[in-house]
Amino acid sequence: MATFSKDCLNGKRILITGGLGAIGRVVVGRLLGVSATVAVNDVVEDDKAAALIRNAGWAGDRCLYFKADVTNPVESRTLVERAVAAMGRMDVALCHAGMAQSCPILDYSAGDWDRIIDLNLKGAFLVAQAAARKMVEAGTAGKIIFTSSWVQDVPWPDITPYNVSKSGMKMLMRGMARELAPRGIRVNSV
């Protein structure tokens, strides 16, 4: 594992969606550990989020929580606006919120399909678009990063909607990268 200086992200302001999930909490902890200011988004109620943040020992002056449903266009836009207002700007948007559900393709309901595609792909698009608009408006040479998966290229059984969402995310990332590069915004996925 690479070692980073404790202040290598000092002054950087980062939004992460899905930041209170299992992997999201690890990412937030690492970002805070290298001095970033982090706007954490999830759908957890404020009191539960405050307890999670307190129990994790995250710096209250550099860790802000914003409850929002990223599948909702208005909430996504408002999330980005609130995060920018609280932090002063946004250098990085980490579109991390996602879910998987194991089920044979013959048994998936249309509702389950919609929930997975809405969160994993539509939510990522809405937040990335809102963040990019704010970065362009502010003249910020920012970064948008999507959390993807190897199943974007090699499908795994019983999670086909998840496979599809991550494959779509790969093309979303590539399309946004081409369009936003001239504006100084780099778009990638991990």
Hey, which lysines would be in cross-link range of LYS122, C-alpha to C-alpha under 21 Å, not counting anything within fewer than 8 residues on its own chain? LYS67, LYS134, LYS143, LYS166, LYS170
For LYS12, distant residues with modelled amide H under 5 Å away: THR37
Take the Cα of ASP61, step 7 Å along the line toward its Cβ, and report every residue of the stretch 14-49 whose backbone nitrogen sits under 14 Å from that point. 35-38
Taking springs between alpha-carbon atoms closer than 10 angstrom, which of LYS67, LYS48, LYS122 fluctuates most in the Gaussian network model of the chain? LYS48
Considering only ASP112, ASP47, ASP91, give the residue with the highest GNM mean-square fluctuation for the chain, with springs between Cα atoms whenever their separation is below 10 Å. ASP47
Taking square-rooted eigenvalues a ≥ b ≥ c of the alpha carbon gyration tensor, is the stretch 31-88 rounded, prolate or oblate, where a/c under 1.5 means rounded and, failing that, a/b exceeding b/c means prolate? oblate
Ignoring ligands, DNA and RNA, what percent of the accessible area of the chain is carbon or sulfur (1.4 Å)? 55
One finds the C-alpha centres of the stretch 112-144 and the stretch 1-54 to be spaced, in Å, by 18
Give me the accessible area of LEU119, 1.4 Å probe, in Å² rounded to the nearest 10. 40
Gain on full stretching of the segment that runs from ASP46 to LYS170 - 0.36 nm per residue minus C-alpha separation: 41.4 nm
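The values are calculated or read from the model by the stated rules, or taken from the named source; none is laboratory data. No experiment lies behind these values; they were computed from the predicted model shown. All Cβ positions, glycine included, derive from the backbone under ideal geometry; neighbour counts span all protein chains shown. For the accessible areas, the whole protein counts, side chains as well, though only heavy atoms, and no ligand, DNA or RNA atoms are used. Shrake-Rupley method; radii C 1.70, N 1.55, O 1.52, S 1.80 Å.
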